[in-house]
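Read through the structure below, which is laid out as structure tokens, and then see the notes.
The values are calculated or read from the model by the stated rules, or taken from the named source; none is laboratory data. Remember, it's a predicted structure, so these values are computed and weren't measured experimentally. Note: ideal-geometry Cβ built from the backbone for every residue, glycine included; neighbour counts use all protein chains shown.
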Amino acid sequence: MIFSTYQFILVFLPIVFGIYFILNKLKFNTISKIWLVVASLYFYASGSKAFFPFFLASIFGNYLVGIALSKLQGNENKRERKLLLLIGVFANVLLLCYYKYMNFFIENINFLLKTNIPIVYRILPIGISFFTFQLIAFLVDSYRGETKEYNIIDYLLFITFFPQLIVGPIVHHKEMVSQFENKENSKLNWDNIAVGLFVFSIGCAKKMLIADVLTTNAQSFYVTGQTAFTFLNTWFYSLEYTISYYFDLSGYADMAIGLGLMFNIIIPQNFNSPYKATDFQEYWKRWHITLSRFLGTYIFKNIYQKDNKWRNYYIATMITFFVSGFWHGAGWNFIIWGLVNGVLVCIASYRNRKGKKTPYVLAWIVNFILVILTRVLFVSENFTYAWNVYKGMFNFSSLANVEWIAFWNNNWRAIITTITGLGICLFTPNTEEIRKKFKTSVPYLIYAVALLSICLITMDKVVNFLYFQF
């Protein structure tokens, strides 16, 4: 089940929302939380039935380990705590590796050792990359003594709360559990409902009216095996995918944040106009903010040591982006993508540290071109395809043979949508900026109803989020 479907908007959400607040109104607060947990588990199981028992085992197993780590505080238990933490983290990573990376490892072993270990094709469980990070953060913080013995229901809500369960944002236990414990959040708040619906409608429009149009069209080039790698094709479809990825991911984040607000739960911002950035250091502060926060807290800070040349900023940055690349996908193209991003962040950091300035417009143009070029690595099926795209991007001679009218006729809707999307990215406030100025009023209501109505009318087919099985 995904957000942009009739089943979710017209059936699941009204039922879950209505029963949750009716139970709270009747002072059945614990039962209302249990209801929300059950609904969230159903939401997950509807999209990943085969993995569901392992999902349950994982979240309950991590809870037990986390509670044990919280109890074993003090230097006298340091060895036991460290061993328990290693076992917990290893179990999470092992589960992730089995489902997401096993075939990648097998393919590389077969290539290096000339073996013939059979590939096992399995469907990647939805959301496994996201909730695994949340569980690891919970265990590490429990080891550090930064958690308390959470109520099992509040812990389950932190992990399973359906708005952020599948594609994030990656939430932290400190910012979520305290909200579920706050009894004021169990009461209907019409202002939160209004702004939540408003933000949800923006996210739904991003996904359905922009991202789906661009993704479907761009996949005709990147997925079906295009052979005409001309200057026009390669640049247009790469730009199209670049725009579609932002609207798809930020659209989901907006819907998640909006749904959270309806339940009086604040989910952190995940995108802050990343395509307005003028260098890659700024870009990664604006793109997938909660992922950057996790990697910064649990990877970068554990490596970086100021004044240590082997563990300085640049080494820590490269290792962090290696992890980021591998987390994004089981393939060498993702690893190289991560490392390239790391190099670009290091270059930007060095220039900023030295006070080197580039005129704003030129800096933005160069940075956005680099964003498009790195996106090619991310969306290509393999290095050969990516290399052919890169060659096409610099095949200036192909411009002489462009059939402009035919290209427009075949892609006019995508061209208009791409230009519109880029304009929105660059010249309009982002959803968080709009939300901060939101006032419960008729104009905002009309705007939200209009967006949702258009989405419902055009909801003739389901297009999964790009990170749906991730």
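Structure above, values below:
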quantity: Candidate set from the stretch 67-99 (those that are in a helix (DSSP H, G or I) and small (Gly, Ala, Ser)); member that is surrounded by the fewest Cβ atoms within 10 Å (Cβ to Cβ); calculated: ALA68
quantity: Pair list, Cβ under 6 Å, 6 or more apart: the stretch 297-318 residue under 23 Å from GLN134 (Cβ atoms), other residue part of a loop (DSSP other than H, G, I, E, B) and modelled with pLDDT under 85; calculated: ALA316/TYR304
quantity: Failed condition for SER178, given (1) over 18 Å from the mean Cα position of the chain (by Cα); (2) part of a loop (DSSP other than H, G, I, E, B); calculated: (2)
quantity: Wholly within the stretch 207-323, helices (runs of 4 or more DSSP H) carrying at least 3 residues that are crowded, with 24+ Cβ neighbours inside 10 Å and hydrophobic (A, V, I, L, M, F, W, C); calculated: 231-262
quantity: Where VAL366 falls short, out of the listed (1) part of a loop (DSSP other than H, G, I, E, B); (2) at pLDDT 90 or above; (3) not aromatic (Phe, Trp, Tyr); calculated: (1)
quantity: Verdict on LYS25 being at pLDDT 90 or above, farther than 18 Å from ILE159 by Cα and of a type in the set (D, E, K, R); calculated: yes
quantity: Test: residue in the stretch 171-190 that is crowded, with 23+ Cβ neighbours inside 10 Å, of a type outside the set (Phe, Trp, Tyr) and assigned by TED's automatic domain parsing to the domain that holds LYS437; calculated: no
quantity: Count of the stretch 377-388 residues which are surrounded by 15 or more Cβ atoms within 10 Å (Cβ to Cβ) and of a type in the set (Ser, Thr, Tyr); calculated: 2
quantity: Tabulated pairs, the stretch 430-446, first farther than 22 Å from TYR275 by Cα, second of a type in the set (Asp, Glu), C-beta under 8 angstrom, 6+ apart or interchain; calculated: THR440/ASP191
quantity: Complete set of residues in the stretch 389-418 that are surrounded by 15 or more Cβ atoms within 10 Å (Cβ to Cβ) and in a helix (DSSP H, G or I); calculated: VAL389, TYR390, GLY392, MET393, SER398, PHE407, ASN411, ALA414, ILE415, THR417, THR418
